[in-house]
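Working notes, structure below.
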Amino acid sequence: MSELKDAQKNILEALKTINKEEYYELLKEPEKFIEVNFPVEMDSGETKIFKGFRSQHSTLRGPAKGGIRFSLNVNEEEVKALSTWMTLKCAVADIPFGGAKGGVKVDPESLSDAEEKRLSKRYIDAIAEVIGPDRDVPAPDMNTTSRHMAWMMDEYSEDSRELEPGVITGKPVEAFGSKGRAEATGYGAAYIVEKIVEEKDMEKEETTVAVQGFGNAAAPAVEYLDSIGLKIVAVSDSSGATYSEKGFKYGQLVECREENGSVCKIGEKITNEELLELEVDFLIPGAIQEVITEENAENIKAGHIVEIANGPTTLEADKILAEKGVKIVPDILANSGGVTVSYYEWVQNRTGEYWPKEKVLEKLRQNMTQAYKDFQKEEAETDREKAYAVALRKIVEAYKIRE
């Protein structure tokens, strides 16, 4: 099944759960979708035409919000599906944005820095008429960074003849970005883990965690969970996975990676598949999608799965895990810390008041724990359906109040 059809199916099932399936046609397709073809001058002097997209799924709860990716795999269906997930993610996190997504079909590895800068600026020029602080607020995504966002903000501001930092988020702190953004996705998920530990009165020193991944999202989660005393017994990176019954400290993992290029030079070397099947209190898939499937779901021994990665668990695996009693904090909730702090960045840009990192992270903690409480109150067959139901109640209510 295609990504878009998956998203549509999930929306329909969740609407049935809350007895609001008459709103399916409203949410089935994006409100607006544009395809652009724009020229970029290459270093050789040649001009190439690149294809780009922007999908705005919903603005019922606020301006559309979503990343920009540079990839050869970018296509219409992908950005439409991802914009749909963003609508749900913003709603379940209870921030006043709708969902969007965009991208350019390009191999970024083939570009020089100067070509990437020109590509970023020309893409923003091409979609400028549909974005803006009150319409659609892009952010970084696959193969784009805070530097790309700074280029895009500058280009939009030049076209507008005034500084518009609120047009885009994920910018460097030195260019109107928000402190705490780098840690936001990992810390957001970790705050939910901490809340579960407190609610279940678990002994922190005896609470075990396995984390698949040690990248920009997973590493901050490891950092925070280690800082509050949880036992990180396994982590992985592109070289494989490592295990220690005694647990790893965040500092030694970072030191090992800096010295050896991998976290897998300490501890007992295991496979990623073995990491997923460890008997732990919390399993955190924080790297790639579809690693928990109907083939290995029966072997999952974790009590809780907290999804930092996008789509790490298939729908077939969801049902098996639900029958086994494994609790899941789905990706649209668990990894919503990033978009939540992007919202804070947008607010700071609009008001001109910039917050210290401690304030940003404390607000994030409050937002994530409240979103988790809302999720717990919902009833559905699986935890993923619960998260979708929470989101869709808010979206439908936003529509009904204006009917």
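The values are calculated or read from the model by the stated rules, or taken from the named source; none is laboratory data. Bear in mind that the values here come from a model prediction, so they are computed numbers and not experimental data. Counting neighbours? That spans all protein chains shown, and the Cβs are built from the backbone with ideal geometry, glycine included.
Report, by residue number, each residue of region 95-123 that is touching a Phe, Trp or Tyr at 6+ places or on another chain (Cβ under 9 Å) and closer than 23 Å to TRP85 by Cβ.
Scanning region 95-123 gives ILE95, PRO96, PHE97, GLY99, LYS101, GLY102, GLY103, VAL104, LYS105, VAL106, PRO108, TYR123.
If ASP125 meets every condition in (1) surrounded by fewer than 20 Cβ atoms within 10 Å (Cβ to Cβ); (2) touching a helix residue (DSSP H, G or I) at 6+ places or on another chain (Cβ under 8 Å); (3) not in a helix (DSSP H, G or I) apart from one, which number is that one?
In the conditions (1) surrounded by fewer than 20 Cβ atoms within 10 Å (Cβ to Cβ); (2) touching a helix residue (DSSP H, G or I) at 6+ places or on another chain (Cβ under 8 Å); (3) not in a helix (DSSP H, G or I), ASP125 misses (3) alone.
Hey, could you check region 103-122 for residues that are free of Cβ contacts under 8 Å to residues at least 24 places away in the same chain and assigned to a helix (DSSP H, G or I) and say which is nearest to the chain's Cα centre (by Cα)?
If we filter region 103-122 for residues that are free of Cβ contacts under 8 Å to residues at least 24 places away in the same chain, which is where we start, we get 109-111, 113.
Applying the additional criterion that residues be assigned to a helix (DSSP H, G or I) yields 109-110, 113.
Working: GLU109: 23, SER110: 26, ASP113: 26 Å.
Ranking the candidates gives GLU109 first.
For ARG181, all conditions in the list (1) in contact with a strand residue (DSSP E or B) (Cβ under 7 Å, 6 or more places away or on another chain); (2) surrounded by 15 or more Cβ atoms within 10 Å (Cβ to Cβ) hold save one; what is the number of the exception?
(1)
How about region 224-279: which of its residues are closer than 23 Å to VAL326 by Cβ and among the small types (Gly, Ala, Ser)?
ALA234, SER236, ALA241, GLY247
Among the residues of region 362-379, is any out of contact with any Asp or Glu (no Cβ under 9 Å at 6 or more places or on another chain), more than 17 Å from TYR24 (Cα to Cα) and assigned to a loop (DSSP other than H, G, I, E, B)?
Yes - at least one qualifying residue is present in region 362-379.
Restricting the first residue to region 382-401 and requiring it to be closer than 20 Å to VAL326 by Cα and modelled with pLDDT under 95, which pairs with a second residue that is in a helix (DSSP H, G or I) and acidic (Asp, Glu) meet a Cβ separation below 7 Å and a spacing of at least six or different chains?
THR382/ASP318; ARG384/ASP318; GLU385/GLU13
Would you check if there is a residue in region 329-336 being of a type in the set (Asp, Glu), within 21 Å of the chain's Cα centre (by Cα) and buried (at least 23 other Cβ atoms within 10 Å of the Cβ)? Steps first, please.
Within region 329-336, the first condition is being of a type in the set (Asp, Glu), and the residues that meet it are 331.
Subset that is within 21 Å of the chain's Cα centre (by Cα): 331.
Remaining after also requiring buried (at least 23 other Cβ atoms within 10 Å of the Cβ): 331.
Checked region 329-336: at least one residue is of a type in the set (Asp, Glu), within 21 Å of the chain's Cα centre (by Cα) and buried (at least 23 other Cβ atoms within 10 Å of the Cβ).
Could you go through region 352-374 and let me know if any residue there is touching a residue at least 60 places away in the same chain (Cβ under 8 Å) and farther than 27 Å from ASP136 by Cα. First the steps, then the outcome.
Going residue by residue through region 352-374, those that are touching a residue at least 60 places away in the same chain (Cβ under 8 Å) are 354-357, 360-361, 364-365, 367-372, 374.
Subset that is farther than 27 Å from ASP136 by Cα: none.
Scanning region 352-374 turns up no residue that is touching a residue at least 60 places away in the same chain (Cβ under 8 Å) and farther than 27 Å from ASP136 by Cα.
Which of the numbered conditions does GLU46 fail, given that it passes all the others? Conditions: (1) within 29 Å of ALA389 (Cβ to Cβ); (2) surrounded by fewer than 18 Cβ atoms within 10 Å (Cβ to Cβ).
(1)
Among the listed residues GLY247, GLY215, which satisfies the condition of being more than 25 Å from ASP331 (Cβ to Cβ) and either of a type in the set (Ser, Thr, Tyr) or touching a residue at least 12 places away in the same chain (Cβ under 8 Å) (or both)?
Numbers: GLY215 fails: more than 25 Å from ASP331 (Cβ to Cβ).
None of the other options fit; the residue is GLY247.
Could you grab me the full set of residues in region 342-360 that are loosely packed, with under 14 Cβ neighbours inside 10 Å and part of a helix (DSSP H, G or I)? Working first, answer last.
Within region 342-360, the first condition is being loosely packed, with under 14 Cβ neighbours inside 10 Å, and the residues that meet it are 350-353, 356, 358-359.
Of everything in region 342-360, those that are loosely packed, with under 14 Cβ neighbours inside 10 Å and part of a helix (DSSP H, G or I) turn out to be ARG350, THR351, GLU358, LYS359.
Taking helices (runs of 4 or more DSSP H) that do not extend beyond region 214-300, which have at least 1 residues that are in the same structural domain as GLU194 (by TED's automatic domain parsing), over 25 Å from GLY338 (Cα atoms) and touching a Leu at 6+ places or on another chain (Cβ under 9 Å)?
Values: elements: 218-227, 250-260, 272-276.
Result: 272-276.
Only residues that are outside any helix (DSSP H, G or I) and surrounded by 19 or more Cβ atoms within 10 Å (Cβ to Cβ): list them for region 144-160, please.
Residues of region 144-160 outside any helix (DSSP H, G or I): 144-145.
Passing the criteria: only THR144.
I need a count of the residues in region 38-76 that are assigned to a loop (DSSP other than H, G, I, E, B) and among the acidic types (Asp, Glu).
Narrowing region 38-76 to residues assigned to a loop (DSSP other than H, G, I, E, B): 42-46, 57-63, 72-75.
Next cut, among the acidic types (Asp, Glu) only: 43, 46.
Total meeting the criteria: 2.
Those residues that are modelled with pLDDT under 95 and in contact with a Lys or Arg (Cβ under 6 Å, 6 or more places away or on another chain), I need them from region 270-323; list them, please.
Residue satisfying the conditions is ASP318 alone.
Name every residue in region 208-238 that is of a type in the set (Ser, Thr, Tyr), under 21 Å from the mean Cα position of the chain (by Cα) and surrounded by fewer than 23 Cβ atoms within 10 Å (Cβ to Cβ), in order of residue number.
First, the residues of region 208-238 that are of a type in the set (Ser, Thr, Tyr): 208, 224, 227, 236, 238.
Subset that is under 21 Å from the mean Cα position of the chain (by Cα): 224, 236, 238.
Selection gives TYR224, SER238.
Quick one: in region 161-187, which of the residues that are in contact (Cβ under 8 Å) with a residue 40 or more places away in the chain and assigned to a helix (DSSP H, G or I) is farthest from LEU364 (Cα to Cα)?
As a first pass, look at region 161-187 and keep what is in contact (Cβ under 8 Å) with a residue 40 or more places away in the chain: 165-166, 169-171, 176-181, 183-187.
Within this subset, residues satisfying the condition of being assigned to a helix (DSSP H, G or I) are 165-166, 184-187.
Working: PRO165: 21, GLY166: 19, ALA184: 8, THR185: 10, GLY186: 11, TYR187: 9 Å.
Per the stated criteria, the residue is PRO165.
May I ask you to verify whether SER44 is within 24 Å of the chain's Cα centre (by Cα) and either of a type outside the set (A, V, I, L, M) or in the same structural domain as LYS89 (by TED's automatic domain parsing) (or both)?
It is false that SER44 is within 24 Å of the chain's Cα centre (by Cα) and either of a type outside the set (A, V, I, L, M) or in the same structural domain as LYS89 (by TED's automatic domain parsing) (or both).
Within region 141-156, can one find any residue that is in contact with a helix residue (DSSP H, G or I) (Cβ under 9 Å, 6 or more places away or on another chain) and among the β-branched types (Val, Ile, Thr)?
Yes: one or more hits.
Quick one: in region 252-264, of everything that is touching a strand residue (DSSP E or B) at 6+ places or on another chain (Cβ under 8 Å) and not hydroxyl-bearing (Ser, Thr, Tyr), which residue is surrounded by the most Cβ atoms within 10 Å (Cβ to Cβ)?
Let us first name the residues in region 252-264 that are touching a strand residue (DSSP E or B) at 6+ places or on another chain (Cβ under 8 Å), namely 253, 257, 262-264.
Cutting the leftovers down to not hydroxyl-bearing (Ser, Thr, Tyr) gives us 253, 257, 263-264.
Details: LEU253: 26, ARG257: 19, VAL263: 24, CYS264: 23.
Filtering first and then ranking leaves LEU253.
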